[in-house]
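Have a look at the structure below before the remarks.
The values are calculated or read from the model by the stated rules, or taken from the named source; none is laboratory data. Bear in mind the structure is a predicted one, so any value in this text is a computation, not a measurement. Here the Cβ positions follow ideal geometry from the backbone for every residue, glycine too, while neighbour counts run over all protein chains shown. In case anyone asks, the SASA skips ligands and DNA or RNA and just uses the protein heavy atoms, side chains included. Shrake-Rupley method; radii C 1.70, N 1.55, O 1.52, S 1.80 Å.
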Amino acid sequence: MLTSPNLRVRSGDTASLNVGESVPVIGSVSYPNSTVAPVQSVQYQDAGVIFQVQPTVKRDTIDLHLVEEISSFVNTTTGVNNSPTKNTRKVESSFSVADGDVLLIGGLTQDQDTRVSSGLSFLPRWMAGHTASTNKTEILLFLQVQKI
């Protein structure tokens, strides 16, 4: 997938770009008193491809602080109160670049193998149905910095 979003950010401010979804998870549980049911709060957490940039414009250079994240939620039995667990891959880095320079940032990859077998357990293995799939996601970020 190729995209080319444009962000304009004032020096010292932070801009973010999120391609994904907000997932509801249980935040906190409070017990007002022993006769009332517990009250649960719900918080929304972002998941997907999240990119944040904070530029600081100087005379000859532009200092960039970048945060790039790939995250997703999965159902697990170890979550609190059946909340999903967030899987996160994150890179945080800082650069000094000149006006008009182009950066290429990579390294965030995700491999996912899925194998499903179906059929009756007493039948031979070759009589059962098998499905296998492999997905690979790699995020490459091309970033061109320009003073306006």
Requested in this report: Name the aspartates and glutamates eligible as straight-distance cross-link partners of Lys90: C-alpha to C-alpha under 16 Å, and not fewer than 8 places from it in the same chain.
Outcome: Asp46, Glu68, Glu69, Asp111, Glu138
Query raised in the report: So which lysines pass the test for Lys86, namely a Cα distance under 27 Å, with those fewer than 8 places away in the same chain ruled out?
Result: Lys136
Query raised in the report: Of all the accessible heavy-atom surface of the chain, with the other protein chains kept in place and a 1.4 Å probe, what percent is carbon and sulfur?
Result: 50
Report task. Putting +1 on Lys and Arg Cβ atoms and -1 on Asp and Glu Cβ atoms, find which of Leu103, Ala128, Leu143 reaches farthest to the positive end of the dipole of the range 30-148. Result -> Ala128
Query - the range 37-148, relative contact order [Cα under 8 Å, separation at least 6], % - result: 22
Report summary line: Checked the range 1-41 with the C-alpha gyration tensor, a ≥ b ≥ c its square-rooted eigenvalues, rounded below a/c of 1.5, otherwise prolate if a/b is larger than b/c and oblate if not; verdict oblate
Report task. With θ set to phi - 60°, apply the Karplus curve 6.51 cos²θ - 1.76 cosθ + 1.60 along the range 3-17 and write out the HN-Hα couplings as whole Hz, x wherever there is a Gly or Pro. Result -> 9, 9, x, 10, 10, 10, 10, 6, 4, x, 8, 10, 10, 9, 9
Query raised in the report: Just how large is the dipole of the chain about the Cα centre, in debye to the nearest 20, putting +1 at every Lys and Arg Cβ and -1 at every Asp and Glu Cβ?
Result: 240
Query raised in the report: Which of the peptides 120-128, 55-63, 36-44, 106-114 is most tightly packed, and how do the rest follow, going by the mean number of other Cβ atoms within 10 Å of each residue?
Result: 55-63, 106-114, 36-44, 120-128
**Report entry** Read-out Rg and Dmax of the Cα atoms in Å, derived from the coordinates shown; its label in [x] 16.9, 48; [y] 22.4, 75; [z] 35.6, 124
**Finding:** [y]
Report summary line: The answer for the chain, accessible area per residue at 1.4 Å probe in Å², is 75
